[in-house]
Each structure stands twice: as structure tokens, then as C-alpha cells.
Amino acid sequence: MVNFTILAGGFSTFIATYVFDSDASTLSLTQQTETGPSPSWIASHPTNLSILYAVNELNPGGNLQSFTVDSTGGLQNIDNVTTGGNGPTFTVMLSTGEVTAMNFGSPNCSFVATDPNDPLRFERDSPVISFPIPDGVPSNPHMSLEVNDEVLVPDLGGDKIWRIARDGAPGNFKVQGQIDIDQGAGPRHIAVLDNILFTVHEKTSTLTAQAIPAAPNGTTFPLIANVSIIPEDALPGSQFAAAEILISTPTDAFPNPLIYVSNRNISPNVTDPRGDTIAIFEFVNGGADAEAVGNTRRMLRRPSRNRPNKGGNGQGAGAGAGAGADTAAPASGQLNLLAQVPTGLQQIRSMALGRVDDGGDEFIIAGANTLGGVAVFQRVDGGRNLTLVARNEDLQNRTSFVFVEQ
């Protein structure tokens, strides 16, 4: 028997614990730990899976929380601190010890320093970072991604990817530039591989690829690829708002990094009984640097049971510091659609890959924000397709996931 313990945040007053038995193909809800309102996004400590962070997505206000995780997936709250803004939607711990909080409901974010001797304890003097936006222009930071020596923050309302750098003592950061996004696209979540920025845009339901210019500056390179993620057979009247992007880590079992993005039909009038889809793409480099990028990917590849994905949050190759970045980025390429997989889930806000070190990356878990519960899919055909293996409908509105210890 191979059991995977999975934590799930959501718009409730608790974090749920599930156990997925991959041999029996069952997904069981085992615990619900009270946390306070709306722990919508959760993330593991990058090297210690017994530590969990969460945001309370409140408006007005917002909190950042830390927890210990016991062997059964139970939680104990250790510390809480304000995020300095409204409606935080995302958190992750950086390699330098700060825990991020993206305040979607206000044009700012915070990088909360932790005690150097105790990552469960937050410092209280980390300043809030405001974004340089003109008066009257919306700003809704939705995610943070550490890439080499900076942090990229997609701003869904401002159509920017802010480039943020450390500025002195722990917890102190500054905006050092931006990557401009087409007006009205609404960049929501991002991933990086081989110095290519992959962005899923909520307002246009598109996936784009572009090279990242050297920092610090405000230069924006042209798009390498720009594709719709909406299924061709979507029901008339559907209204899509793309949500999540994952890039798988290359392993012996899954040798090619693949891109998984979630569709979200938010129409109040049209519901597809098949549920929303997970679209699977492969990026094919068409530039002169194809051999160099291929070499980079081969260096990234590692046995499937080696070590956890960076961050422990199932984000795959595009999630950790560095994110497999390479200075040689292709000037051309294309995003090829491999599959559109109906999930039976309505409004997939988040999904997560299992960890590489224990073979959990064979599976993806996703949750419905409205109906359909939580479902686990097996990656088949080298990750180029998905097969449903387990579903649990005890709870709805599960909006983020973390694989912890078996």
C-alpha cells in the first residue's frame, strides 16, 4: 500500500487532510483542522515538510499563518501575522527565509521575515511593498515566484509581471522593473523553465511563453507563443477564467517537462456536466538554441525517486528558486496542445503535482471551487494525458493543495 497525505486549503475555516491510497485508488478525508477564516492558499516549507504556511484571504485585512504538521497530517497553529493588505491569495517561502503574501485586494505585497532560528516564528517589522501604478489603474498581485536572485509577481489587474529584488535586511525588498503584459490579459499564475516565462492569463484564458530579459530593467521581449487554453467543444455561453499552471519536473519516468493549465468556467448560467478541463501542453523550441536548451533539460532530469520538488507544493520544475533557468533562451518556439482532460470539477482554482522523491509526481490532485469535490489523476503516456483514479466529494471549495509525507 502506498499512501500519500495531502493537505487542502479552501474558503472555509479549516484545512482538510486527505489520504490517497494509490493501490486501492481511494481518496479519503481524514481530518479538518480549524485555522480561522479562508485559508485559501497553503505552502510547505521548502526543506521541512512538517512546517506549513497559509494565508487567510480576508477583505478587509489578511493574515499569514504557520503550522506544524504531524505524522497523520494534523496541524497545530504556531504563529500569525498581518499581511499588511487585503485579500491575500498566495504564499510561499523564499530560499532566504521570507514568506510571501500577495495582497490581491490592495496594490501591495509583503515578504515576511522569519526567525533565523525558528521558521515557524514571524518577524513583525517587514515592510509592505507597494507597486508603482498610476492613479485609477487597478493592481491585483496574485502569485510570487522566486527565480534566481529576484521574485516575479504577476499583477492580474495591472497587466504586469513585477520584478522584485532584495533591498537590505531580511524582509526588505524593492520593485526593480517589470515585464509588460498585453492590456486586458490578466496574468494570474506563472512558471519558468529554461529562462522562458510561461504565464496563464485569467481574463483571456491564454497561455503565453516569452524569454526573460536580464534584470534589473523594464524591458519586455516579444511573445514566443500565445495560445488559447479553452476546449474547442466548450458549451455555448461558457465564460472562462484560466487559473493554474504547473510544469512537471523531468524524471526517468516522465522525461519531458510538460505544462498543465486549468480551465475555469465561471458562467452563472452554463454548467458543463463533464466539468472543467485540465489542458496539457508541450513547448517545442524552434530557435537556434534548441541544442543548448535540450542539454539544460537533460541536466535537470533526475530519477523519479530522488528528492522533493522545490517548495514541496507540487509546482514542479517551474516553481523553485532558479526554476531551471538558463541564460540561453530560444527566440522562437510553439506551444502544442496534447490533451484536454475533462475532470468533473467545476471551477478548478488550483491543482498540484505530487513530489518527485516518493513517486508522487505520477499524480495530480485538483479541486472544485463549487461542485465536484477533489479528484486525483494519474499521469499516463509519459504525462501527455491524465486518467481519473480517485474522487472525494465530502467537501467542496478546496482551492490549494500540498503533498506532505507518505
So which pairs qualify, if the first residue must be in the stretch 44-63 and part of a strand (DSSP E or B), the second must be of a type in the set (Phe, Trp, Tyr) and open to solvent by less than 40 Å² (accessible area, probe 1.4 Å), the Cβ gap must be under 8 Å, and the two must be at least 6 apart or on different chains?
Ser44/Tyr53; Ile51/Phe67; Leu52/Phe67; Tyr53/Phe67; Ala54/Trp41; Ala54/Phe67; Val55/Trp41; Val55/Phe90
Only one of Leu49, Leu64, Leu7 is out of contact with any strand residue (DSSP E or B) (no Cβ under 6 Å at 6 or more places or on another chain) and within 23 Å of Leu145 (Cα to Cα). Can you tell me which?
Leu49
Anything in the stretch 186-203 that is more than 19 Å from Ala214 (Cβ to Cβ) and either within 13 Å of the chain's Cα centre (by Cα) or open to solvent by less than 10 Å² (accessible area, probe 1.4 Å) (or both)? List them, or say none.
Gly186, Pro187, Arg188, His189, Ala191, Val200, His201
Looking at the structure I just gave you, is Ser267 within 24 Å of Arg384 (Cβ to Cβ) and out of contact with any Cys (no Cβ under 7 Å at 6 or more places or on another chain)?
no
Taking only the stretch 221-269 into account, find how many residues are within 20 Å of Gly157 (Cα to Cα), assigned to a loop (DSSP other than H, G, I, E, B), open to solvent by less than 50 Å² (accessible area, probe 1.4 Å) and touching an Asp or Glu at 6+ places or on another chain (Cβ under 9 Å).
5
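Which of the residues that make up the stretch 121-141 are part of a loop (DSSP other than H, G, I, E, B) and open to solvent by 30 Å² or more (accessible area, probe 1.4 Å)?
Glu123, Arg124, Asp125, Pro127, Pro132, Ile133, Pro134, Asp135, Gly136, Val137, Pro138, Asn140
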Members of the stretch 136-149 that are more than 20 Å from Thr399 (Cβ to Cβ) and under 17 Å from the mean Cα position of the chain (by Cα)
Glu146, Val147
Looking only at residues in the stretch 355-386 that are in contact with a helix residue (DSSP H, G or I) (Cβ under 8 Å, 6 or more places away or on another chain) and of a type in the set (D, E, K, R), which one is surrounded by the fewest Cβ atoms within 10 Å (Cβ to Cβ)?
Arg379
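Would you mind stating whether Gln32 is modelled with pLDDT of 95 or more, in a strand (DSSP E or B), farther than 25 Å from Val376 by Cβ and open to solvent by 10 Å² or more (accessible area, probe 1.4 Å)?
On the way: modelled with pLDDT of 95 or more: yes; in a strand (DSSP E or B): yes; farther than 25 Å from Val376 by Cβ: no; open to solvent by 10 Å² or more (accessible area, probe 1.4 Å): yes.
Taking the combined requirement at face value, the residue does not satisfy it.
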What about Ser130, is it free of Cβ contacts under 8 Å to residues at least 24 places away in the same chain and either of a type in the set (Ser, Thr, Tyr) or under 14 Å from Leu64 (Cα atoms) (or both)?
yes
Count, please, the residues in the stretch 150-172 that happen to be more than 18 Å from the chain's Cα centre (by Cα) and open to solvent by 20 Å² or more (accessible area, probe 1.4 Å).
6
For the stretch 3-29, give me the residue count where each residue is acidic (Asp, Glu) and either in a strand (DSSP E or B) or touching a residue at least 24 places away in the same chain (Cβ under 8 Å) (or both).
1
Of (1) over 17 Å from the mean Cα position of the chain (by Cα); (2) part of a loop (DSSP other than H, G, I, E, B), Gln210 fails just (2)
Residue count, the stretch 169-202 (criterion: in contact with an Asp or Glu (Cβ under 8 Å, 6 or more places away or on another chain), in a strand (DSSP E or B) and touching a residue at least 60 places away in the same chain (Cβ under 8 Å))
2
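Residues are listed down the side, and each one gets a yes or a no for (1) in contact with a Leu (Cβ under 9 Å, 6 or more places away or on another chain); (2) at pLDDT 95 or above:
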{"position": "Ser28", "(1), (2)": "no, yes"}
{"position": "Ser50", "(1), (2)": "no, yes"}
{"position": "Leu58", "(1), (2)": "no, no"}
{"position": "Gly61", "(1), (2)": "no, no"}
{"position": "Asn80", "(1), (2)": "yes, yes"}
{"position": "Pro88", "(1), (2)": "yes, yes"}
Output the number of the condition that Ser400 fails; it satisfies all remaining conditions of (1) under 23 Å from His142 (Cα atoms); (2) open to solvent by 40 Å² or more (accessible area, probe 1.4 Å); (3) hydroxyl-bearing (Ser, Thr, Tyr).
(2)
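The values are calculated or read from the model by the stated rules, or taken from the named source; none is laboratory data. The structure presented is a predicted model; accordingly, all values stated were derived computationally and were not measured. Note that each Cβ is placed from the backbone with ideal geometry, even for glycine, and that neighbours are counted across all protein chains shown. Accessible surface is based on the protein model in full, side chains and every heavy atom, while ligands, DNA and RNA are left aside. Shrake-Rupley method; radii C 1.70, N 1.55, O 1.52, S 1.80 Å.
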